[in-house]
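Step one of this worksheet: look at the structure below.
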Amino acid sequence: MRRFVSAFVAAALLLGLSCARAALPVAGALAPAFSLADQSGTPRSLAEFRSKWVVLYFYPKDDTPGCTEEACNFRDDIFVLEQMGAQVVGVSLDDSASHALFAKKFSLPFPLLADPSGAVTRSYGALTQGSRYAQRYTFLIDPAGKVAKVYTSVETSRHSAEVIEDLKRLSKR
């Protein structure tokens, strides 16, 4: 009986660890640094966007209904976002070739970063261990590189508008 209990506890611990994800960066914390290839294969890093607001959004998969809606809303609002000093950056576990097709098909004017290993996605708490898809999370990062707002419950049809409203509010501080 003792062996059974020990085996059960060990199995429970292993299962618990397999569902673990990194902690979400919180508002006020420095955003985790990254360097990933975009849809053209060019390495892009958080540091290159210093002095701008960054809308860093993680999404599950290129060219799927929710991800397309979210990306196209950011595309449609890109001029407003840029006037507010914001750079939109999408991240998924898809590769650069998939991102290139997705960006071309929907005329997406912002970088889509490939994170096939999931390391960056995990560092933002947007990847459950063992999953091949990112959670739909967004991080609004201020010009100093600190997380200003975290979105973990994203409604794709109105997310871009929500980010714009928050940028207006946060920019006034």
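The values are calculated or read from the model by the stated rules, or taken from the named source; none is laboratory data. Everything numeric here is computed off the predicted structure, so don't read it as measured data. Because the Cβ atoms are built from the backbone with ideal geometry, glycine has one as well, and the counts that use them run over all protein chains shown.
Things worth noting here:
- Tyr137 being out of contact with any Ser or Thr (no Cβ under 7 Å at 6 or more places or on another chain), in contact (Cβ under 8 Å) with a residue 60 or more places away in the chain and of a type in the set (Phe, Trp, Tyr): no
- Pairing residues of region 93-113 that are at positive phi with residues that are among the charged types (D, E, K, R), at Cβ distances under 9 Å and at least 6 apart in sequence or on separate chains, gives Ser107/Arg75.
- Residue count for region 57-79 satisfying the condition of being of a type outside the set (D, E, K, R) and loosely packed, with under 15 Cβ neighbours inside 10 Å: 3.
- Close contacts from region 52-67, counting a first residue that is over 17 Å from Asp38 (Cα atoms) and a second that is crowded, with 17+ Cβ neighbours inside 10 Å and among the β-branched types (Val, Ile, Thr), with Cβ to Cβ under 6 Å and a gap of 6+ residues or different chains, come to Gly66/Thr156.
- The sole residue among Val154, Val150, Val120 that is in a helix (DSSP H, G or I) and of a type in the set (A, V, I, L, M, F, W, C) is Val120.
- Residue match in region 156-171 (condition: modelled with pLDDT under 95, hydroxyl-bearing (Ser, Thr, Tyr) and surrounded by fewer than 22 Cβ atoms within 10 Å (Cβ to Cβ)): yes
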